[in-house]
Amino acid sequence: MTAATASQTAGPYWHLIDFPEWADLLRADGPNAGVTGGERIVLTGRVTDGQGAPVADAMVEIWQADPEGRYDGAFHGFGRCGTDADGMFRFVTLKPGPVPGRGNQTQAPHVVLSIFARGLLKQLVTRLYFAGEALNENDPVLQAIEPARRGTLIARRTAAPGEWRLDIRLQGEGETVFLDV
Amino acid sequence: MTDPIGYRRPDPATQPPYDVPAYGSTHHRHPKQAPVRVPHTLTEVSGPRFSPAWYAPHADLSTLNGKAALGERIIVAGRVLDEDGRPVRGAMVEVWQANAAGRYHHPGDQHDAPLDPNFLGRGRVFTDEEGNYRFTTIRPGAYPWRNHPNAWRPVHIHYSLFGAGFAQRLITQMYFPGDPLLAYDPIFLSTADEAARNRLIARFDLDITEPEWALGYRFDIVLRGREATPFENDGAH
């Protein structure tokens, strides 16, 4: 057995593989062009560092199930978005459904967030959950996190229709819970 | 429902940590809290399928609009395998790099070296049924960075790979053999295990080299393997 290749930082110039349209999973000329149904949502948030400064050169990727909770359906649940000068990311997608967990468990609707950046020698992985979702109470990943920190994974509605916000704090006060996957 | 078969956890010595004091950009960006380990579910073992119909391949970085980039033309080829030596088929491989003078086609790169109008430095290829990939480019140049006094990055090409499961997602860098800057580079040196580090260095390969055309380098990449043996893995897709 050969161990997996070592990760290395994406560095500051990863934008050479940035295609800003990938942040809109529902784009008319994209892989989900023929997909119908589901609730259109916007996922946004700010990435900040240990000094509270915006991380303006991060690459955020999402991976999620379709509205029925499937990963093998027609919906292409992948997106990529670079953070802007304020550290903000913004995805347009469909709200995922509940996904089977291990055993007889059910996972609450969630979106995987991966953060790559200069200064990160490997990606940081976390999940975005939706506030008010009854299934959050029994979600196995949320249950594995100490209650005081669970909120760092739970997006809140904003004033804009269909928009949810989750800020990512890489270090320090209110540090996001990252997952060892 | 049968539980999905997860991916093996890496030996920590074979992967870099988040907190690397010698690499300044990690200081304010590494989490202080340990990550929470979660068992793999469908979320981690499934992953996006990238159809070349939507993600167009671009395997020749050495020309732009029919005009040749400056620098030493090279071919880079290799295989993408998992830890059990099985080919990863249809994997999307993205690459990006500096030009021959050591400058990125990127507004953030202000290094006093010329841009090349015929070189953008980005490509996208897919592995075949045996896990093989291949692209043509020019050998990038070394460039300075401000991590410490007189700091220079060794010559490298950035790689982004997607396997079958999102837990296999990998971004890494390929280095060139014999580069004296490797011994001083805190990014390369961040991985403790020397053998794991050295597998980031491509090998010159005369079989990939094309006469009168371009030097060839081989760079094989290994993605995480499954926890179970292949024989128990019939349910994977």
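The values are calculated or read from the model by the stated rules, or taken from the named source; none is laboratory data. This is a predicted model, so every value here is computed, not measured. Every residue, glycine as well, gets a Cβ built from its backbone with ideal geometry; the counts of neighbours run over all protein chains shown.
Numbers for the structure displayed
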| item | result |
| --- | --- |
| Single unsatisfied condition, residue B:111 versus (1) touching a Leu at 6+ places or on another chain (Cβ under 9 Å); (2) assigned to a loop (DSSP other than H, G, I, E, B) | (1) |
| Selection count, region B:84-104, where residues are touching a His at 6+ places or on another chain (Cβ under 6 Å) and either without any contact (Cβ under 8 Å) to a residue 60 or more places away in the chain or of a type in the set (D, E, K, R) (or both) | 1 |
| Close pairs from region A:9-33: first within 9 Å of chain B (Cβ to nearest Cβ) and crowded, with 18+ Cβ neighbours inside 10 Å, partner among the polar types (S, T, N, Q) and not in a helix (DSSP H, G or I), Cβ under 7 Å, at least 6 apart | A:17/B:160; A:31/B:51 |
| Verdict on residue A:48 being at pLDDT below 95, within 10 Å of another protein chain (Cβ to nearest Cβ) and buried (at least 16 other Cβ atoms within 10 Å of the Cβ) | no |
| Identity of the residue in region A:88-136, basic (Lys, Arg) and in a strand (DSSP E or B), that ends up farthest from the other protein chains (Cβ to nearest Cβ) | A:90 |
| Residue in region B:18-35 that is nearest to residue B:84 (Cα to Cα), counting only those that are surrounded by fewer than 17 Cβ atoms within 10 Å (Cβ to Cβ) and within 7 Å of chain A (Cβ to nearest Cβ) | B:35 |
| Condition met for residue B:53 (more than 7 Å from every other protein chain (Cβ to nearest Cβ), without any contact (Cβ under 8 Å) to a residue 40 or more places away in the chain and aliphatic (A, V, I, L, M)) | yes |
| Members of region A:163-181 found to be within 7 Å of another protein chain (Cβ to nearest Cβ), assigned to a strand (DSSP E or B) and farther than 23 Å from residue B:41 by Cα, listed by number | none |
| Residue under evaluation residue A:149, criteria (1) within 10 Å of another protein chain (Cβ to nearest Cβ); (2) in contact with a His (Cβ under 8 Å, 6 or more places away or on another chain); (3) outside any loop (DSSP other than H, G, I, E, B); (4) free of Cβ contacts under 8 Å to residues at least 40 places away in the same chain, criterion not met | (2) |
| Residue within region B:82-90 that is more than 30 Å from residue B:117 (Cα to Cα), surrounded by 19 or more Cβ atoms within 10 Å (Cβ to Cβ), at the interface with another protein chain (Cβ under 8 Å from one of its Cβ atoms) and not charged (D, E, K, R) present | no |
| Number of the condition not met by residue B:123 [criteria: (1) touching a residue at least 12 places away in the same chain (Cβ under 8 Å); (2) touching a Leu at 6+ places or on another chain (Cβ under 9 Å); (3) in a loop (DSSP other than H, G, I, E, B)] | (3) |
| Verdict on residue A:67 being within 21 Å of residue A:128 (Cβ to Cβ) and assigned to a loop (DSSP other than H, G, I, E, B) | yes |
| Selection within region A:152-162 - without any contact (Cβ under 8 Å) to a residue 60 or more places away in the chain and either crowded, with 20+ Cβ neighbours inside 10 Å or part of a strand (DSSP E or B) (or both) | A:153, A:154, A:156, A:157 |
| Count - residues of region B:61-81 that are more than 25 Å from residue B:177 (Cβ to Cβ) and within 14 Å of chain A (Cβ to nearest Cβ) | 1 |
| Total residues in region B:200-217, condition in a strand (DSSP E or B) and among the small types (Gly, Ala, Ser) | 2 |
| All positions within region B:77-95 that are assigned to a strand (DSSP E or B), out of contact with any Gly (no Cβ under 6 Å at 6 or more places or on another chain) and farther than 11 Å from residue B:126 by Cα | B:77, B:78 |
| Contacts under 6 angstrom Cβ, first residue in region A:51-70 being at pLDDT 95 or above, partner among the basic types (Lys, Arg), 6 or more apart | A:57/A:118; A:61/A:80 |
| Where residue B:53 falls short, out of the listed (1) aliphatic (A, V, I, L, M); (2) surrounded by 16 or more Cβ atoms within 10 Å (Cβ to Cβ); (3) part of a loop (DSSP other than H, G, I, E, B) | (2) |
| Selected residue (criterion: surrounded by the most Cβ atoms within 10 Å (Cβ to Cβ)) from residues of region A:73-87 that are more than 8 Å from chain B (Cβ to nearest Cβ) and under 16 Å from residue B:43 (Cβ atoms) | A:79 |
| Residue count, region A:1-55 (criterion: within 19 Å of the chain's Cα centre (by Cα) and hydrophobic (A, V, I, L, M, F, W, C)) | 13 |
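Per-residue answers, yes or no, for (1) within 14 Å of residue A:5 (Cβ to Cβ); (2) part of a loop (DSSP other than H, G, I, E, B); (3) among the aromatic types (Phe, Trp, Tyr):
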position	(1), (2), (3)
B:129	no, yes, no
B:152	no, no, yes
B:158	yes, no, no
B:174	yes, no, no
B:177	no, yes, no
